Amino acid sequence: MAANKHNPFADFERLSSEIEEMFFRFYGGPRLRMMKSGSFQPLTDVYYVKSTNSVIVKLEIAGINPDDLRLTVQDKTLIIDGSRVDPQHDGEKVYQQMEIDYGHFKRKIMLPVSVNVEKVLASYLDGFLTIEMPVAERTVSAVNLIIHVKDKK
């Protein structure tokens, strides 16, 4: 069995991401982040559920087609890559107010534990992408995930 290689930059990347998140919340929220990087960051919740021994990641992505998203688990990082396109953007609009973010986004979520990628469930309902990832004993280096669209009932 191969030994797990520790990425010496993983802790630095996590700290850098957390500091950046605090800075942008304090100094201007998502608009400043969008201006800085040319993309937006969907609002995201990450939490642990004891009863299912799972990590849950929930993103607010209304208006984004789930087929246009790419989900990847790489080491202890979940990467969500996609874009929201303004279907009526014709260049002739003069906005009075603009609060909906459009364009490309890429979220990298540092997971607190290794997850079992073979049992990950990703579902989309009412503008929310929910990714349920059971905690695993061992780490898999990288896997692409599938999103299942739920029917409203």
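The values are calculated or read from the model by the stated rules, or taken from the named source; none is laboratory data. It should be emphasised that the depicted structure is a prediction, and the values quoted were computed from it without experimental measurement. Cβ placement follows ideal geometry from the backbone for every residue including glycine, while neighbour counts extend to all protein chains displayed. Remember, those area values only see protein heavy atoms, side chains included, never the ligands or the DNA or RNA. Shrake-Rupley method; radii C 1.70, N 1.55, O 1.52, S 1.80 Å.
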Inset, instruction - Return the sequence-ordered ³J(HN,Hα) values of segment 95-107 in whole Hz as given by the Karplus equation 6.51 cos²θ - 1.76 cosθ + 1.60 applied to θ = phi - 60°, using x for Gly and Pro. - result: 7, 8, 8, 9, 10, 8, 7, 10, x, 7, 9, 8, 9
Legend entry - Cβ-Cβ FRET estimate between Q88 and K58, R0 fixed at 41 Å, reported to 0.05: 0.90
Inset, instruction - Quick one: what are the phi-derived ³J(HN,Hα) couplings along segment 121-132, Karplus 6.51/-1.76/1.60 with θ = phi - 60°, whole Hz, x for glycine and proline? - result: 10, 10, 9, 10, 8, 6, x, 10, 9, 10, 10, 9
Inset, instruction - Can you check what the net charge comes to around L78, using other residues whose Cβ is under 9 Å from the Cβ of L78 (Lys, Arg +1; Asp, Glu -1)? - result: +3
Inset, instruction - Mind checking which aspartates and glutamates have their Cα closer than 14 Å to the Cα of K50? Skip sequence neighbours fewer than 8 apart in that chain. - result: E132
Inset, instruction - Would you mind checking K58/K108; K76/K152; K106/K152 for any pair whose Cα atoms are more than 24 angstrom apart? - result: K76/K152; K106/K152
Legend entry - At R0 = 22 Å, FRET efficiency that the Cβ-Cβ distance of K150 and E13 yields, to 0.05: 0.10
Inset, instruction - Provide the solvent-accessible area of L15, counting protein heavy atoms only and rolling a 1.4 Å probe, rounded to the nearest 10 Å². - result: 90
